[in-house]
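What follows is a short report on a single structure.
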Amino acid sequence: MTDKRKDIVRDLARQLGIAMSPATVTNIANQMVPLKFAHRKPIIKEGEDCDHIFYIDKGLVRLFYHKNGKEITEHIACEKELVCCLESYFTHTPSKLTMQTLEPTILYALSYKSLEALTKDSYEVCQLYFAILKNTILLQLRKADMVRFESAKDRYLLTVEHTPEIAARTPLQYLASVLQITPATLSRVRSQVNTDN
């Protein structure tokens, strides 16, 4: 097995503040499957089961759904982030979301079955699993609060501050969608921010 998968597990543990023994790192790494996707390719299509969590090693990934004939971007993730269609993952039902690459992308997939099996034998894996869930829930809450309470300009500034790679690399229409503003508004906000700086 390559050290790459072990490095990814160690990085995840560091990000989430979990102490992990070399044996646990190896056990998790052994279950990870590398996947490569070209630009604008679906990883999970609407109606398919999402039974994996994906670690993004390289690239940009968008989750979106359809409403009134339009694509609504729910989330965008880049390197060193986890991405998953959560409802499908936990309920084992077809996904309401599509997961698509926005750049050539390398992912490492960890299946629900593998992760669940590892939790039965390791407290450290349970801690990791809990930290992943906690982190995901907090991220969703922060995003909801941002949309509820912040102006269009502040939504953009917060995105630039917390996820500068996503702000810089995401096509305008998708970034506007995830911020729940129009592309025209986002373009105007960007111009204003650039003028202010």
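Throughout, read-outs are computed from the coordinates displayed, never taken from laboratory work. Source: prediction; values computed, not measured. As a convention, Cβ positions derive from the backbone with ideal geometry for all residues, glycine included, and neighbour counts pool all protein chains shown.
Computed quantities for the displayed model
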| read-out | value |
| --- | --- |
| The range 106-133 versus the range 1-58: alpha-carbon centroid distance in Å | 10 Å |
| Structure-based [θ]222 nm, the chain - -39500 (n - 2.57) summed over DSSP H runs of at least 4, per residue, nearest 500 | -16000 deg cm²/dmol |
| Two-decimal log10 I(q)/I(0) for the chain, as the Debye equation yields it once each C-alpha is a single scatterer, q = 0.12, 0.13, 0.14, 0.17 Å⁻¹ | -0.64, -0.74, -0.85, -1.19 |
| Full-stretch length increase - Thr119, Arg188 - with 0.36 nm per residue and alpha-carbon distance subtracted | 20.0 nm |
| Loop sites in the range 1-91: chymotrypsin sites (Phe, Trp or Tyr not before Pro), DSSP, at most 11 other Cβ within 10 Å | none |
| Loop sites in the range 136-197: GluC sites (Glu not before Pro), DSSP, at most 15 other Cβ within 10 Å | Glu150 |
| Estimated distance in nm for a label pair at Asp11 and Gln140, the labels positioned 7 Å out from Cα along Cα-to-Cβ | 2.5 nm |
| Restricting the range 25-129 to trypsin sites (Lys or Arg not before Pro) in coil, as DSSP defines it, with at most 10 other Cβ within 10 Å | Lys120 |
